[in-house]
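Chemist: After the structure tokens below, expect a handful of questions from me.
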Amino acid sequence: MTPRRATITAIGHYVPEKVLSNKELEKMVDTNDEWIRSRTGIRERRILAQGATSDLAVKAIEKVLEFRGINATEIEVIIVATVTPDMFFPATACIIQDKIGAHNAWGFDLSAACSGFLYALTTGAKLVESGTYSKVLVVGADKMSSIVDYKDRNTCILFGDGAGAVLLEPSDDPGYGVLDNRLYTDGSGGAYLYMKGGGSLHPATHETVDKRMHYIYQDGKAVFKVAVIGMAEVASEIMQRNNLKGDDVAWLVPHQANLRIIDATADRMGISRDKVMINIDKYGNTTAATIPLCLSEWWECGKLKRGQNIVLAAFGAGYTWGASLVKWSLANPAKS
Ligand code: UT7
């Protein structure tokens, strides 16, 4: 029997209008535009002035539903990858379900930081492949500005807010869609990138607030070293497993944490720079949103063609990392 395969049948993204430039950050912390651009590749990022992660997600999802021409009531499952849920509970998926009126869907949040979208895509694809579900929304959304310490120059220059969403449905041709996934976790990396306060270990108190424990902490150098190796290895692994050489891959979609990590990953994979999706300059690191944000922008510009092999790769807190291989099946918006 031919296996049932999940494919992306609609995609959308949203970034808030407010821009936070490197120049503006210069007024907030001891940093400068030249340092930020040369060390990270970031020129500016977007900030959601009002509202929550669910609001970012809803805007991305509305585009998905509109393009696919379906009502939210047809959605069966909503998976939300985020580290900035609207609140601890209920899950942001529940809040989104209510806001979009997806009354027939169940859903849940998934916490895998910058690898969140790939964890969610894999999970969603398996739900479709199982034959049980035919319309699964996979969302990567983060309002990073809600957990960034704008007094810490090590981290505040890196992050921005955004959301991306895809609809997964059964593929009409099993040769197309989400073909393969590899996901990894190494919990011993937890000490290098975390937000310590607010959980059951350190519930919010005056002391946790005074100690600035409700913000992101990152040992950038330590994460940088493992991110370069992890992302390149898992992306190469997915290529090898599927007998692909650099020339066979149309696009690499790397998590956008640092341009130097992206370049090193592409080099190790033998993929030329013109085949790497990069928008870190405009948005910084939007955590779970980076990969769908790239994919959606490139698709909107008509740069994705049916049959292209696309490798998605990410590395983030946990540590978590992974890669997915997608054979693109969605016609670009201009042609449809
Ligand atoms: O998305 C999740 C996974 N996260 C990542 O993949 C991020 C990985 N790490 C990185 O991207 C980089 O490590 C950073 C961009 C965070 C930092 O770049 P770096 O080249 O590793 O710099 P560094 O932390 O080693 O700092 C170098 C110097 C230090 O000064 P000294 O000690 O050499 O005098 C820092 O104090 O740069 C200084 N510095 C800054 N200077 C101006 C650190 N942050 C800044 C800043 N502006 N914002």
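The values are calculated or read from the model by the stated rules, or taken from the named source; none is laboratory data. Fair warning: this is a prediction, and the values are worked out from it, not measured in the lab. Glycine gets a Cβ as well: all are built from the backbone with ideal geometry, and neighbour counts include every protein chain shown.
Chemist: Pick out the one residue from E34, E74, E17 that is of a type outside the set (V, I, T), surrounded by fewer than 21 Cβ atoms within 10 Å (Cβ to Cβ) and free of Cβ contacts under 8 Å to residues at least 12 places away in the same chain.
Modeler: E34
Chemist: How many residues are of a type outside the set (A, V, I, L, M, F, W, C) and within 10 Å of the chain's Cα centre (by Cα) if we restrict to the stretch 286-316?
Modeler: Within the stretch 286-316, residues that are of a type outside the set (A, V, I, L, M, F, W, C) and within 10 Å of the chain's Cα centre (by Cα) number 4.
Chemist: Moving to a separate point now. Tell me, yes or no, whether the stretch 191-199 has at least one residue that is closer than 21 Å to L110 by Cβ and without any contact (Cβ under 8 Å) to a residue 12 or more places away in the chain.
Modeler: Yes - at least one qualifying residue is present in the stretch 191-199.
Chemist: Can you tell me which of (1) surrounded by 24 or more Cβ atoms within 10 Å (Cβ to Cβ); (2) out of contact with any Phe, Trp or Tyr (no Cβ under 9 Å at 6 or more places or on another chain) is the one P292 doesn't meet?
Modeler: Here P292 meets the rest and fails (2).
Chemist: Do the conditions hold for R39, that is, is it of a type outside the set (S, T, N, Q), touching a residue at least 60 places away in the same chain (Cβ under 8 Å) and surrounded by fewer than 20 Cβ atoms within 10 Å (Cβ to Cβ)?
Modeler: So R39 fits the description; yes.
Chemist: Sticking with this structure for a sec: Can you say whether H255 is closer than 28 Å to I36 by Cα, in the same structural domain as D281 (by TED's automatic domain parsing) and buried (at least 22 other Cβ atoms within 10 Å of the Cβ), as far as the supplied structure shows?
Modeler: Considered against the rule, which asks whether it is closer than 28 Å to I36 by Cα, in the same structural domain as D281 (by TED's automatic domain parsing) and buried (at least 22 other Cβ atoms within 10 Å of the Cβ), H255 comes out as yes.
Chemist: Give the stretch 166-225 a look and list any residue that's under 22 Å from the mean Cα position of the chain (by Cα), over 24 Å from F89 (Cβ atoms) and among the small types (G, A, S), or say none.
Modeler: G177, G189, A191, G220, A222
Chemist: Could you list, in sequence order, all residues of the stretch 212-241 that are within 9 Å of the ligand (Cβ to nearest atom) and among the small types (G, A, S)? Step through it out loud before you land on a result.
Modeler: Restricting attention to the stretch 212-241, the residues satisfying the condition of being within 9 Å of the ligand (Cβ to nearest atom) are 218-228, 231.
Those that are within 9 Å of the ligand (Cβ to nearest atom) and among the small types (G, A, S): G220, A222, A227.
Chemist: Kindly provide the set of residues from the stretch 163-192 that are touching a His at 6+ places or on another chain (Cβ under 7 Å) and within 16 Å of the ligand (Cβ to nearest atom), ordered by number.
Modeler: Scanning the stretch 163-192 gives a single hit, G164.
Chemist: Checking E76 against (1) touching a Lys or Arg at 6+ places or on another chain (Cβ under 8 Å); (2) within 16 Å of the ligand (Cβ to nearest atom); (3) among the acidic types (D, E), which single condition isn't satisfied?
Modeler: Going through the list (1) touching a Lys or Arg at 6+ places or on another chain (Cβ under 8 Å); (2) within 16 Å of the ligand (Cβ to nearest atom); (3) among the acidic types (D, E), E76 breaks only (2).
Chemist: Another question, then. Can you pull out every residue in the stretch 28-41 that is part of a loop (DSSP other than H, G, I, E, B) and either near the ligand (Cβ under 9 Å from one of its atoms) or in the same structural domain as L259 (by TED's automatic domain parsing) (or both)?
Modeler: Within the stretch 28-41, V29, D30, T31, N32 meet the criteria.
Chemist: Looking only at the stretch 11-27, how many residues end up being more than 16 Å from the ligand (Cβ to nearest atom) and touching a Gly at 6+ places or on another chain (Cβ under 9 Å)?
Modeler: Qualifying residue count for the region: 6.
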